[in-house]
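Have a look at the structure below, then the notes.
The values are calculated or read from the model by the stated rules, or taken from the named source; none is laboratory data. None of these values were measured; they are calculated from a predicted model. Cβ atoms come from the backbone with ideal geometry, glycine included; neighbour counts cover every protein chain shown. Accessible surface areas use protein heavy atoms only, side chains included; no ligands, DNA or RNA. Shrake-Rupley method; radii C 1.70, N 1.55, O 1.52, S 1.80 Å.
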Amino acid sequence: MADLYPLLPLLAGAVILWIVARDTRLELRLVRHGMRAKGRVIGYNETSTASRMIVQFRTEDGQEVHAEHENTGWTASRAGEIVTVAYDPDEPARARIVSAPWLSHWVRGLFGGLGAILVLTGLLLGYLAWR
């Protein structure tokens, strides 16, 4: 039976890179093609595995929306803070905060780097184990 241990970091890194790429693609699409609106952080939706900011804003046609923002910068926000969101007019509840004093993309870069290191480690271990 072949040694399969190199698959563990390879698969873990691939999953992390897939999640980072999906999140980045969604945000870039909204930043480029979405509508923008001023919003206000009104609270948090906390579960045992995640905590998401709830942002309230009005769409261009006057619809009031409460959107959950999936970003790790939530710890720096305060209820009542004014932020800028980008949203798809067809799905405004999937809005993303694109401008806030505390918003940073360093966490996305950190996870992307971790995913790349895990993939490279898995490839190296695979090369050493299977050559």
Estimated distance in nm for a label pair at V15 and E60, the labels positioned 7 Å out from Cα along Cα-to-Cβ: 4.0
Share of carbon and sulfur in the accessible heavy-atom surface of the chain [1.4 Å probe, %]: 60
C-alpha center-to-center spacing [the range 90-128, the range 1-53] in angstrom: 7
Accessible area expressed per residue, the chain, with surrounding protein chains retained (probe 1.4 Å, Å²): 64
C-alpha long axis of helix 7-33 to longest principal axis of the chain, angle in °: 30
Simple spin-label estimate for V31 and R78 in nanometres, 7 Å along Cα-Cβ: 2.7
Answer label for semi-axes √(5λ) of the Cα gyration tensor in Å (calculated), chosen among [x] 22, 18, 13; [y] 51, 21, 13; [z] 38, 15, 12: [z]
